[in-house]
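No lab work stands behind these numbers, since they all come straight from the coordinates. As the structure is a computational prediction, the values presented were derived from the model and not from experiment. Cβ placement follows ideal geometry from the backbone for every residue including glycine, while neighbour counts extend to all protein chains displayed.
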Amino acid sequence: MAAAVGYEDYAVAALPAAVRNWAGELIAIPSYSEHPQEAFDLITKIPSGEFDEKMAMASNGIPADTRNEEWPEMLAGVHEAFNVQTGVYDWNCGLNENGDLGTAFQDPAAKLFEGSLDGQGFVEAMDALY
């Protein structure tokens, strides 16, 4: 595993090449984009149809498009359990239990994605929530 990098107590570590979950990623279009429609078209293509299936198979990841029923062999054992999941994951920092926390998260996240807040500023805003 690659060494962790990040800000103080916050870190991001690369996963082994055999494990990826592209569907869990977030993609945004900055307000200053010169080609917002083309960016949007790409964003809608990535997690759908044949492109999503190929990406899931190549990365051993869970397909984002629920219509893609073929999963990587490595994940065959979790396919059925994943498909019957009806709730949300409990590891989302308390956002399900505290609606105010989710609301407070939205503004710094939007500023981060639009480029008006840098990574350190985002970390400081998150620290202020706890």
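Numbers for the structure displayed
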{"read-out": "Point-to-point label distance, residue 32-residue 124, nm (Cα→Cβ direction, 7 Å offset)", "value": "1.9 nm"}
{"read-out": "Residue-by-residue Karplus 3J(HN,Hα) for the range 28-43, coefficients 6.51, -1.76, 1.60, Hz, glycine and proline x", "value": "10, 10, x, 4, 8, 4, 7, 9, x, 5, 5, 4, 4, 4, 5, 4"}
{"read-out": "Distance (nanometres) between label positions extended 7 Å along Cα→Cβ at residue 98 and residue 110", "value": "2.1 nm"}
{"read-out": "Radius 14 Å from Cβ of residue 117, net charge of other residues (Lys, Arg +1; Asp, Glu -1)", "value": "-4"}
